[in-house]
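Comments concern the structure below.
The values are calculated or read from the model by the stated rules, or taken from the named source; none is laboratory data. This is a predicted model, so every value here is computed, not measured. With ideal geometry, Cβ positions are generated from the backbone for all residues, glycine too; neighbour counts draw on all protein chains shown.
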Amino acid sequence: MYCPHCGESIQTAAKGTPHATHCPSCQEALPRQVQGAALPTWAAVLVRPRYFGSVFLLLLLLVAGLMIGVWWRNRLPAPGQTVQDFYTAIAARDKDTLRALIVPEERDLGLGFCLNLLTQPTVSAAFEDVTTRTVSNNRQAAEVRATGQVKRELDGRQFEIGFNDVFELVAVDRTWHIKQRSLSALSLCGDL
């Protein structure tokens, strides 16, 4: 039998009644209806005051862990990072990455004249002071403004222009993608 107050085991007589009317550990009186009743081992641990806090904390940590896991699984990166990746891909002349950043349904429309030209081996583009600012974001669609300087070299001639572009992005499979129509009005192409 176990004390209902502290959960300690109490020695019982042959018929299952306690030797005393009080618990030897906590000195609380034992109720008659509990005398002779034995708790299962796991229940005895849970009702012990010294273990109750630990069990409660463990359950609390488990629930918190599950909530963090669900949040982590459903989170989206910042839409500005996709725009930064876009400029990095142009500088690296990486057409595959540029295509991957476009909304999947619009990839067949191509990159457009400007981006095809900027990713040619004879053209180089170096970006400086690129900053992005999220104008709007409702977790399904976002608008990001990017500003900075681009140094272009085309057939040995160098140009430096400032750019100020607004990108429309759409969330697809927990990743931001740039809408094709954002690419048609890029100011970084300038006079190309």
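For the range 156-172, how many residues meet the condition of being at pLDDT below 85 and touching a Phe, Trp or Tyr at 6+ places or on another chain (Cβ under 8 Å)?
Qualifying residue count, the range 156-172: 0.
Where residues in the range 141-186 are closer than 20 Å to ALA92 by Cα and of a type in the set (Lys, Arg), which of them is surrounded by the most Cβ atoms within 10 Å (Cβ to Cβ)?
Checking each candidate, the answer is ARG152.
Do we find that LEU118 is in contact with a Leu (Cβ under 8 Å, 6 or more places away or on another chain) and over 15 Å from GLN180 (Cβ atoms) in this structure? Before you say what the answer is, go through the steps one by one.
Working: in contact with a Leu (Cβ under 8 Å, 6 or more places away or on another chain): yes; over 15 Å from GLN180 (Cβ atoms): yes.
Yes: the conditions hold for LEU118.
Among residues belonging to the range 125-135 that are within 15 Å of ILE178 (Cβ to Cβ) and of a type in the set (Ser, Thr, Tyr), point out the one that is surrounded by the fewest Cβ atoms within 10 Å (Cβ to Cβ).
This residue is THR134.
Looking only at helices (runs of 4 or more DSSP H) that fall completely inside the range 62-155, which ones have 3 or more residues that are at pLDDT 90 or above?
Numbers: elements: 79-91, 95-101, 112-118.
Fully inside the range 62-155 and qualifying: 79-91.
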